[in-house]
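Please read the structure below before turning to the comments.
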Amino acid sequence: MRGSEKSPALAAGLSFLWPGLGQLYLGRRRVAALFAVPTILIALIFLFQFRQGFVVLGARLLADPSYAIPAVLVIVVAAALRLGSVIHAFLCGIPSQTRRVLERGVLIALVLTILLTHAAAGYGIWYLNQSFRPAFQENPALIDAATAPPSLPPGVTAPPATPTPAPATAPPINSRVTILFTGVDADPTRGEHLYDSIMVVSYDPRTNSVQMVSVPRDSSSYPLYFGGQVSNKVRINSLPTYVRNGWVKSPDAPYTTLIKEIQYLVGIPINYYAVMDLDGFVQMIDMVGGIDVNNPTAIDDPVYATPGGQIIGFKLAAGPQHLNGNQALGFVRSRHGAGNNDWVRESRQQQVVVALLRKMADPSALLQLPTLISKLASSVSTDFPAERVADYVAIGQDIPKDNIKQVVLGPPYTIINSSGSSTAATTCLLNARVAELSVSLFGSDSLWYGKPAPANTCS
């Protein structure tokens, strides 16, 4: 039964705006409800998913395939409802004898618009989701992943009875999660990876707080989690190279050895790792439009060198600063000049991580993520599960600034190593003090909680 003198083009246009409106215009209320109610349900589902904001919803669509696939299916269902409603409304109207061709042209335009827009939305979500995933995988070019030598030092057959569990995986969303962030200088001409930035970042959902601990790259004479200790020549930033070459006999692969060693020294189970090289760091800062930091003291480093070794110097005034990629690299790598050293720059590194995480939580930065990920895939290596990105993005948005505790293991937790090495000066962790700090930061989650502190290994 056709509507009485009702324009099919107008009815189709109304159903294009919202399925069922064209049928309501034609007086077909029951059919209107059949198209409108499912569409309302889809809209309510979308609004529910949007409850945590655009950034979290976007992160779920980008990172989680178990979320992206249903989203694509919902888009297909919504397209079917719109197409069915538009075509039905058009057929139920009474066409004008003089505008028949125009009205059919309107119908074709509406159908093509629905098909193209929904196909583009569905394909876009799926494509971006697949493009996002390469960054969440192991990159052998950035980590020493070679198999460790099978033999241990004489007399060492197994890890000793000290707190040294293997890195945990997939903790529940309501329990503590800890990530080891390392910045690597992977210059291929050197023949080794130097992990010059070593930072443990731990989130405690019980207190909605973050604890950040930076380990000096020049730490040496530290005890090994599987027994024994290294000399004052084995800096922790090159430990994976020593393992790879068999100079340090570890039961684990090179980079895994670094993860477990940091876990042992800092005293907190490490669930995931993330590595980024220097080129990727510069690109990332530039692609998010730079970052804002507050430089505590003026920097004047006359011998600061680029990653390629060219000495260019680095200066930065004290106070609030907006940094581009190269400036941010200088900010986190400079360590010479008055009032400047490894411990100071490690504090600046923590500031950059916090600034970058807050910048990435901005909706405008989310639009850059697909391009960012595609360009940085070769500069990043991580085992963090992509499907959990959105959960922790949501968490990160709600952490008050005062709930972020930042510690650098400089004095009083370290001393200058003075054992007569022929190499440049190194530092040595005061193990008992670090263990005490671990308990104060992580409470009962600390591996040293309720256990005797490790022996001193400094000269």
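The values are calculated or read from the model by the stated rules, or taken from the named source; none is laboratory data. A quick note: this is a predicted structure, and the numbers were derived from the prediction, not measured. In this analysis, Cβ positions are derived from the backbone assuming ideal geometry, glycine residues included, and neighbour counts consider all displayed protein chains.
Which condition from (1) in contact with a Ser or Thr (Cβ under 7 Å, 6 or more places away or on another chain); (2) at pLDDT below 85 is the one that G20 breaks?
(2)
Which residues, taken from region 20-45, are of a type outside the set (A, V, I, L, M) and either touching a residue at least 12 places away in the same chain (Cβ under 8 Å) or surrounded by 16 or more Cβ atoms within 10 Å (Cβ to Cβ) (or both)?
G20, G22, Q23, Y25, G27, R28, F35, P38, T39
Could you look through region 243-258, keep only residues that are buried (at least 22 other Cβ atoms within 10 Å of the Cβ) and within 19 Å of L142 (Cα to Cα), and pick out the one that is modelled with the lowest pLDDT?
R244
List, please: which pairs have Cβ atoms under 9 Å, are six or more places apart or on different chains, and start with a residue in region 203-215 that is assigned by TED's automatic domain parsing to the domain that holds K260 and end with one that is among the aromatic types (F, W, Y) and not in a strand (DSSP E or B)?
Y203/Y392; D204/F442; Q211/F442; S214/W343
Identify, by number, the condition in (1) crowded, with 20+ Cβ neighbours inside 10 Å; (2) not in a strand (DSSP E or B) that M276 doesn't meet.
(2)
Every residue in region 324-347 that is within 15 Å of I285 (Cα to Cα) and either assigned to a helix (DSSP H, G or I) or basic (K, R) (or both), please.
G325, N326, Q327, A328, L329, G330, F331, V332, R333
When both residues are 6+ apart or on different chains and their Cβ atoms are under 6 Å apart, which pairs have a first residue that lies in region 223-240 and is within 15 Å of T414 (Cβ to Cβ), and a second that is outside any loop (DSSP other than H, G, I, E, B) and of a type in the set (D, E, K, R)?
Listed by first residue and then by second, the contacts come to N237/D196.
Given the structure, is V55 surrounded by 13 or more Cβ atoms within 10 Å (Cβ to Cβ), outside the structural domain of A394 (by TED's automatic domain parsing) and closer than 30 Å to F384 by Cβ? Steps first, answer last, please.
On the way: surrounded by 13 or more Cβ atoms within 10 Å (Cβ to Cβ): yes; outside the structural domain of A394 (by TED's automatic domain parsing): yes; closer than 30 Å to F384 by Cβ: yes.
In short, yes.
When S66 is evaluated against the numbered criteria (1) closer than 16 Å to A11 by Cα; (2) at pLDDT below 90; (3) among the hydroxyl-bearing types (S, T, Y), which criterion, by number, is the only one it fails?
All conditions are met except number (1).
Rundown of residues vs (1) over 18 Å from A386 (Cα atoms); (2) at pLDDT 70 or above; (3) assigned by TED's automatic domain parsing to the domain that holds F331, yes/no style:
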| site | (1), (2), (3) |
| --- | --- |
| S131 | no, yes, no |
| A141 | yes, yes, no |
| D144 | yes, no, no |
| T147 | yes, no, no |
| P153 | yes, no, no |
| R190 | yes, no, yes |
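Per-residue answers, yes or no, for (1) at pLDDT 90 or above; (2) under 18 Å from V353 (Cβ atoms); (3) not in a helix (DSSP H, G or I):
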| residue | (1), (2), (3) |
| --- | --- |
| P216 | yes, yes, yes |
| S238 | yes, no, no |
| K260 | yes, no, no |
| G289 | no, yes, yes |
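Kindly indicate which of A43, A79, A71 is in a helix (DSSP H, G or I), more than 30 Å from Y392 (Cβ to Cβ) and among the small types (G, A, S).
A79
Yes/no matrix, rows are residues, columns are (1) closer than 30 Å to Q283 by Cα; (2) charged (D, E, K, R); (3) assigned by TED's automatic domain parsing to the domain that holds N129; (4) at pLDDT below 80:
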residue	(1), (2), (3), (4)
A365	yes, no, no, yes
L369	yes, no, no, yes
Y392	yes, no, no, yes
G410	yes, no, no, no
A425	no, no, no, yes
G450	no, no, no, no
